1. Taking the DSSP beta bridges in the protein assembly as shown as the whole, what percent of them are antiparallel, to the nearest 5?
2. Can you give the FRET efficiency to the nearest 0.05 for B:VAL206 and A:ILE164, using r as the Cβ-Cβ distance and R₀ = 45 Å?
3. Which of the aspartates and glutamates could a cross-linker bridge to B:LYS243, judged by Cα under 17 Å and excluding same-chain residues fewer than eight apart?
4. By how many nm would the segment from A:ALA51 to A:VAL250 lengthen if fully extended, with 0.36 nm per residue of separation less the alpha-carbon distance?
5. Shortest first and in nm to one decimal, what separations exist between A:ALA213 and its copies in the other chains, measuring from label points 7 Å along the Cα-to-beta-carbon line?
6. What's the average, rounded to a whole number, of partner chain beta-carbon atoms within 10 Å of each residue's beta-carbon in A:309-315?
7. Report the antiparallel proportion of the DSSP beta bridges in chain A as a percent, rounded to a multiple of 5.
8. Determine the shape class of chain A: with a ≥ b ≥ c the square roots of the Cα gyration tensor eigenvalues, call it rounded for a/c under 1.5, and otherwise prolate if a/b is greater than b/c, oblate otherwise.
Number of protein chains: 2
Amino acid sequence: MIKSPICDLLGIRYPLFQGGMAWISDARLAAAVSNAGGLGLISAIQGGVEAVRREIRLCRSLTDKPFGVNIMLKAPDAADIASLVVEEGVRVVTTGAGSPAAFMPAWKEAGIIVVPVIPSVAYALKMQAVGADAVVAEGAESGGHIGELHTMALVPQVVDALDIPVLAAGGIFDGRAAAAAFMLGAVGVQVGTRFLVADECRVHEVYKDKLIAASDIGTMVTGRSLGDSVRCLKNPFAKKFFKMEYDPSVSAEEVRAFGTGSLHKAVFDGDFAGGSFLAGEVAGLVKERQSAAAIVEDIMGGAEKILTEKVKQILL
Amino acid sequence: MIKSPICDLLGIRYPLFQGGMAWISDARLAAAVSNAGGLGLISAIQGGVEAVRREIRLCRSLTDKPFGVNIMLKAPDAADIASLVVEEGVRVVTTGAGSPAAFMPAWKEAGIIVVPVIPSVAYALKMQAVGADAVVAEGAESGGHIGELHTMALVPQVVDALDIPVLAAGGIFDGRAAAAAFMLGAVGVQVGTRFLVADECRVHEVYKDKLIAASDIGTMVTGRSLGDSVRCLKNPFAKKFFKMEYDPSVSAEEVRAFGTGSLHKAVFDGDFAGGSFLAGEVAGLVKERQSAAAIVEDIMGGAEKILTEKVKQILL
């Protein structure tokens with residue numbers, strides 16, 4: 001068994017978070033991951049506060065294990081979601097895209113454990129200063145919105161800078177990368193892309209098929225020129241978006257308008273021509289649909305095996 | 001002691017290559033690394049074939065240990081360098097930016113061990129097919145010319161695809177990342193950026209000072225729009241280059257002309273305004289000048305310690 005302070009802090013079996021993916025991570029996926037011993041996370045981007053409330057309540061009916069909610073702080077309804085998690089007795093909140101400072105007094109009063117997702121040392125230090133319990137250092141190998149630094153270089157720098165525990169995200173597909181993350185000083189990992197093909201994941205079957213078909217160079221980054229970098233599958237939408245953003249005759253507003261609704265088209269319609277299929281650099285490793293439980297077991301069982309056997313092979 | 005098939009193959013003590021950095025990696029640095037038990041590499045970008053010959057001969061006078069030459073295959077004199085390494089009895093060649101297929105018969109005849117540096121699975125497979133003995137899978141955390149994928153996601157995908165040994169490069173600063181690379185399936189690591197501040201490294205003192213002063217977000221990527229991505233310190237030169245490459249009123253030729261000679265200005269003149277100071281994402285971890293031997297010992301001793309102690313801490 002792998003032991004980690006994050007397991008003690010959260011009351012979970014495995015130090016593995018499932019990423020809180022907008023429109024994707026719902027009660028069913030989160031509960032499946034929590035039931036398998038990890039920490040399931042419901043995204044607060046679900047189409048409004050009441051939709052999120054329903055997912056939280058549904059998740060509670062599906063698992064008696066801890067689960068959390070991921071809040072994108074620049075979302076227009078972030079303050080309402082911040083109150084909702086207190087009302088609904090959510091135990092863990094992860095945050096992205098902004099500072100949760102304004103919400104920390106209420107969250108700490110309610111005993112919520114707060115784990116911001118951060119892309120750099122400066123951001124990590126800010127989060128520690130406002131009272132975060134831990135951070136997820138997310139490398140830009142990840143799918144979706146990304147920063148500039150990548151896991152192998154980011155994690156040790158964040159670990160050196162902070163006193164609170166650090167989890168690693170970005171490029172984590174199986175037990176090899178999870179074991180690597182521990183070597184870098186992380187106390188756990190967050191996995192997003194691989195859960196896209198979980199049986200319990202709501203994304204369209206076309207999304208799953210295209211992810212399984214992708215090669216190692218199957219992703220690209222759009223939006224870098226707009227200060228809003230997003231990693232997704234190299235599909236007609238992404239290539240057109242990329243072309244538009246570097247075309248001086250197209251305004252930033254036109255580019256953004258072109259992108260509006262594209263995640264919906266991917267997740268719900270499976271529209272490969274017009275959708276934004278968020279996916280990380282591990283896309284080439286995704287080969288099959290599996291249950292969330294099988295994914296959790298493969299990553300954590302694999303990490304344990306590698307930490308035990310590989311080390312014996314390497315050390316004379 | 002860490003054991004690795006790459007040590008047996010090359011007759012070296014530690015599975016650690018020093019990156020062959022253009023204009024930077026000379027006989028003095030390579031010999032210091034080889035004497036410390038790693039594999040020193042002389043860059044073949046030294047200002048002509050005869051300059052490379054002098055460095056090879058000088059290196060042989062400074063060490064009786066194995067060392068190698070890194071050949072950038074798109075350099076105009078690559079074919080001459082390919083003959084030179086045979087003439088001079090060089091034992092190890094690493095290659096970048098192209099295929100060494102045309103040179104493989106002569107190199108294999110001469111008993112040279114060939115280790116291409118590759119950025120993707122497709123490239124790695126090509127190199128295996130033309131007879132490479134091993135590859136260095138280089139993540140785009142690295143300084144200098146880079147690909148698209150990053151170490152945590154790249155290395156496992158290359159390891160899965162190949163039968164020959166894989167070393168990891170990109171984001172490797174200390175024993176933590178070296179231990180992580182082994183978990184990913186690598187049999188060794190290549191380190192560039194950290195050797196820039198080695199006492200035996202020829203770069204200007206300003207280059208060393210600026211690298212030591214850099215933070216985690218101290219590097220950026222220029223040339224992406226030209227299909228020639230280069231990671232370097234965020235300095236006035238890099239910011240201006242970046243601005244020019246995305247300025248529709250500036251032609252690609254003008255941008256390239258602006259970049260000509262910029263590495264020289266960094267390495268030899270320490271011109272922080274006008275030079276291109278190649279550096280990887282680990283820049284923020286570089287804190288002090290050290291001997292090459294101290295760097296090698298810190299990385300490999302650190303890896304051994306982490307593999308031994310960390311694993312005991314983690315496994316129940």
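Every number here is computed from the coordinates shown, using simple stated rules; none is lab data. Every value quoted in this text rests on a predicted model; they were computed, and no experiment measured them. Backbone-built Cβ (ideal geometry, glycine too); neighbour counts: all protein chains shown.
1. Details: 16 of 70 bridges.
Restricted to the protein assembly as shown, the bridges split so that about 25 percent are antiparallel.
2. Working: r = 36 Å, r/R0 = 0.81.
The calculated FRET efficiency here is 0.80.
3. The qualifying aspartates and glutamates are A:GLU245, A:ASP247, B:ASP228, B:GLU253, B:GLU254.
4. Values: separation 199, 0.36 × 199 = 71.64 nm, distance 3.57 nm.
Fully extending the segment from A:ALA51 to A:VAL250 adds 68.1 nm.
5. Spacings between copies for this position, smallest first, are 5.2 nm.
6. 6
7. Working: 7 of 34 bridges.
The antiparallel fraction comes to roughly 20 percent.
8. Taking the square roots of the gyration eigenvalues as a ≥ b ≥ c, chain A is rounded.
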